[in-house]
Amino acid sequence: MAFMAVLESDLRALSAEARRRYPAVKDGAEHAILKVRTVKLSVIGLSCLQKLIAHDAVAPSALKEILSTLKTHAEMADESVQLKTLQTILIIFQSRLHPENEANMAQALHICLRLLENNRSSDSVRNTAAATIRQAVALIFDHVVHVESLPVGKFGSGGHISRSSSVTGDVNRSINNSDMNRSWEHEIVSRGQSLMRETLTNAGKLGLRLLEDLTALAAGGSAIWLHVNSLQRIFALDILEFILSNYVVIFKVLVPYEQVLRHQICSLLMTSLRTNAELEGEAGEPSFRRLVLRSVAHIIRLYSASLITECEVFLSMLVKVTSLDLPLWHRILVLEILRVISTVVVVAYLYPYHGFCVEARTLRTLFQNFDMHPKNTNVVEGMVKALARVVSNVQVQETSEESLAAVAGMFSSKAKGNCVLEETKLIPTVPFSSAIYYGNVIMDNKEFKVFLMIIAIPTGVLYVGILVSFSCIEWILDNDASNAAVLVASEAHAITVAVEGLLGVIFTVATLTDEAVDLDSPRYEYDPVERYNGKTTVLCIAMVDSLWLTILDALSLILSRSQGEAIVLEILKGYQAFTQACGVLHAVEPLNSFLASLCKFTINFPNEAEKRSAVPSPGSKRSEALVEQRDSIVLTQKNVQALRTLFNVAHRLHNVLGPSWVLVLETLAALDRTIHSPHATTQEVSMPVPKLTRESSGQYSDFSILSSLNSQVSKSSLKLFESSAMMHISAVKSLLSALCQLSHQCMLGTSSGVGLAVSQKIGSITFSVERIISILVNNLHRVEPLWDHVVGHFLELADNPNQHLRNMALDALDQSICAVLGSEQFQDYVSSRLQDISHEMEAGDSQLKLLECSVISPLRVLYSSTQSIDVRAGSLKILLHVLERHGEKLYYSWLNILEMLRSVADASEKDLVTLGFQNLRVIMNDGLTSIPADCLQVCVDVTGAYSAQKTELNISLTAIGLLWTTTDFIVKGLLHGPTEGKETG
């Protein structure tokens with residue numbers, strides 16, 4: 001317009017100068033002024049026309065004439081007129097003049113396409129034309145949805161997707177979003193073909209013609225209806241990708257659209273996905289490959305239920321690409337499809353599409369349609385193996401340590417919510433092209449922020465890497481691909497994508513498992529013997545059986561090689577989620593394998609290389625450094641994190657662990673020994689991210705880690721065994737059985753020797769016995785079904801040749817018997833018996849009799865079943881403690897006690913006779929009132945036996961005196977029968 005204004009001014013000056021002498025020149029100049037002013041008038045006229053259309057002041061019948069006028073103006077070379085023309089066309093699509101016939105629709109779109117592809121158009125005109133076409137397509141398909149009376153907002157993935165700080169958050173958000181669409185999806189599935197329609201309205205036909213032409217243009221052909229011979233394939237494919245992701249319901253309900261999708265669009269994408277030949281032109285450009293993969297992702301995520309064969313082909317091709325010798329950027333693009341939400345950090349609005357590893361509904365559908373179908377390919381298993389293969393390759397990469405450090409940095413930044421480090425200076429060792437640079441980047445005609453990550457490598461070199469998903473790919477392409485910094489950043493990006501993909505699968509399985517049992521995660525309060533047989537449960541079990549080994553191998557590898565706190569915690573969350581799912585589903589082998597792997601990370605035994613390079617930490621004593629390296633035990637903060645996860649699993653799966661308790665208990669016993677071992681040290685590891693707690697020196701001391709572990713084990717272990725009071729009774733039995741099994745395993749080989757191995761075994765037995773007592777004490781309210789488990793093991797332990805173990809068993813038996821007799825439950829039984837409540841007497845007496853006899857009888861069994869003097873003496877000491885503390889509560893077990901003491905009187909060992917008589921004196925002096933009347937005769941007989949024994953004269957004389965005491969008690973009972981009888985009854 002500025003040029004036109006200057007030209008008009010010059011023509012006016014010429015006309016004024018030639019007005020008198022050269023009238024012909026004057027007339028020519030004025031005629032030219034009129035032509036020049038036509039551009040300005042056109043702009044004004046188009047503005048007026050826009051206002052009229054926007055206010056519905058134009059009749060629909062005038063649309064054909066308006067489009068003809070706009071076509072003429074679009075051919076004008078003036079930029080302002082072209083821009084006004086594009087604005088007017090967009091307003092037409094937004095108004096009541098929206099084209100309703102093929103001719104008008106094709107002409108309106110043709111005008112925009114002509115301006116887009118015209119080489120003489122300016123950049124602003126081409127950009128505006130592209131934006132106008134995108135908006136026009138959206139308006140056209142919105143109109144189709146409205147006219148065809150289709151549900152609004154169903155299935156479309158539109159909108160901007162933000163990236164959460166963890167894979168768990170992505171899965172939860174995915175589930176919430178998919179729940180909103182589930183009802184309509186269920187309706188389509190349940191009603192099947194009855195909901196789909198063959199016939200189309202006029203608007204539907206127009207949309208179909210547009211879709212067919214866009215597909216042809218994306219394939220490199222010509223658009224017959226739009227009268228366009230060629231169009232940038234990238235632009236056409238971008239429009240198709242937008243339609244696929246935002247108008248799913250059209251393809252779900254309208255059969256003609258579904259046919260175009262199946263036969264034309266899928267064929268286009270399959271051809272474009274091929275990698276076995278050199279692709280020329282646009283098809284070989286990264287931006288085109290990216291769009292192809294995004295479109296494939298939409299089809300798999302949104303249409304897998306109806307396009308089963310096509311999705312199988314797509315998934316097989318994607319999995320194959322990950323193992324081919326292709327550029328790293330290409331493989332990363334595919335990994336982006338196979339993992340969780342596409343963006344690693346920010347700029348989620350740049351490429352708003354989902355990967356489908358965290359799409360629980362999608363993954364479920366894929367597994368049902370393919371892996372569970374014997375005639376189809378195991379595509380989900382293939383996806384997981386592809387992701388695991390990327391993680392496993394870290395073992396053979398020359399830059400593996402640098403890449404792992406970068407991966408740890410990525411996870412750390414994401415966990416903190418920070419995607420950019422404070423460092424802003426460009427490192428000159430990494431060349432940047434003029435198109436991509438630190439700060440801003442122009443992509444798809446839009447400006448976005450690009451963030452760099454500064455990676456500190458142990459060698460002291462600084463590397464630069466981009467953390468913006470596909471921007472990373474663009475950056476790599478514009479730089480020297482052999483550069484070490486680019487290689488490290490790319491490898492780290494690939495590993496991060498793969499790890500997050502595996503974690504996404506894990507959390508999806510866990511979420512589906514929660515749904516299968518219809519319980520709220522993470523607590524599982526139900527009968528452990530109950531098994532679930534629903535369809536979702538069968539699906540989850542099949543998924544676990546198919547995927548667990550691959551996932552475990554990959555995660556255990558990356559966990560063993562990683563030191564960053566954020567990545568370790570994220571992987572351990574995956575361990576916990578998958579282990580809990582296996583427990584709920586009663587998948588024993590995967591459960592035990594994940595538990596065993598998790599237990600391994602609670603304690604480290606250094607390999608030979610680590611031993612040779614080990615450096616004592618500042619907190620280590622000099623004497624400890626002299627210990628043989630084969631005896632050394634290395635502890636790190638990873639142990640604390642793994643231990644916390646192990647306790648979480650044990651708490652949440654206490655009702656279903658069953659025999660798997662042994663794995664947990666073996667680990668706790670080993671840690672208990674390790675923490676108190678003089679050989680325990682800590683491993684100094686340089687880490688690129690902050691640890692849990694750091695000293696001012698930036699390193700851990702032995703004391704801090706050992707103290708932390710000791711606190712973790714003590715508090716969590718105490719809480720775990722205290723919580724047994726709330727477990728199902730069968731779960732408590734399983735826990736006791738596991739403790740007994742652990743103790744029994746260690747009992748072998750402890751009869752002789754005093755070496756380190758024997759000491760460790762005795763330590764494990766001590767751990768087991770202490771925990772058995774703890775469980776018993778916390779379950780006194782239901783001790784009856786547990787008592788035989790406890791006492792049986794103690795009796796077995798008391799028969800061990802090792803003196804230390806025998807003493808341990810006797811102490812444990814003493815504590816257990818006294819704990820039961822001193823419990824509130826036992827006291828309640830005694831109180832009910834003394835109160836003589838008639839209607840409860842029979843049941844109460846039966847329970848009390850069984851409990852009391854089962855608690856006391858092990859002492860007689862212990863005494864009579866062994867020839868060991870110290871064990872027999874121990875059983876008598878326990879009986880003495882019982883009589884002194886709880887003798888007045890006993891009633892039904894006196895016969896067993898007296899018969900046991902009667903057998904002691906015949907013993908030849910003086911110490912045993914002395915202990916037996918001490919028990920008898922307590923009974924005769926303090927317990928006669930508690931003894932039933934029918935046992936008094938037995939009591940007199942036992943006392944007579946001690947008076948007749950010849951081992952100790954003083955005992956015989958004292959026993960005679962006790963007989964006089966008994967006589968006095970009986971006489972008083974005869975004189976005051978009713979009162980005393982009631983007291984003793």
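The values are calculated or read from the model by the stated rules, or taken from the named source; none is laboratory data. All figures in this text were calculated on a predicted structure; none of them were measured in a lab. Here Cβ is always computed from backbone atoms with ideal geometry, including for glycine, and neighbour counts include all displayed protein chains.
Can you find a residue in region 970-977 that is closer than 22 Å to GLU884 by Cβ, in contact (Cβ under 8 Å) with a residue 24 or more places away in the chain and not hydroxyl-bearing (Ser, Thr, Tyr)? Among the residues of region 970-977, not one is closer than 22 Å to GLU884 by Cβ, in contact (Cβ under 8 Å) with a residue 24 or more places away in the chain and not hydroxyl-bearing (Ser, Thr, Tyr), which makes the answer no.
Selection over region 884-928 of residues that are acidic (Asp, Glu) and not in a helix (DSSP H, G or I) gives a count of 2. Tallying residues that are farther than 17 Å from ILE140 by Cα and in contact (Cβ under 8 Å) with a residue 60 or more places away in the chain within region 233-252 yields 2.
Has region 77-86 got any residue that is polar (S, T, N, Q) and assigned to a loop (DSSP other than H, G, I, E, B)? Checked region 77-86: no residue is polar (S, T, N, Q) and assigned to a loop (DSSP other than H, G, I, E, B).
With respect to (1) within 30 Å of LEU953 (Cα to Cα); (2) touching a helix residue (DSSP H, G or I) at 6+ places or on another chain (Cβ under 7 Å), the lone exception for PRO858 is condition (1). Regarding LEU936, is this residue closer than 23 Å to SER868 by Cα and in a helix (DSSP H, G or I)? When the stated conditions are applied, LEU936 does not pass them. When restricted to residues that are modelled with pLDDT of 90 or more, over 33 Å from the mean Cα position of the chain (by Cα) and crowded, with 18+ Cβ neighbours inside 10 Å, region 267-318 contains 1.
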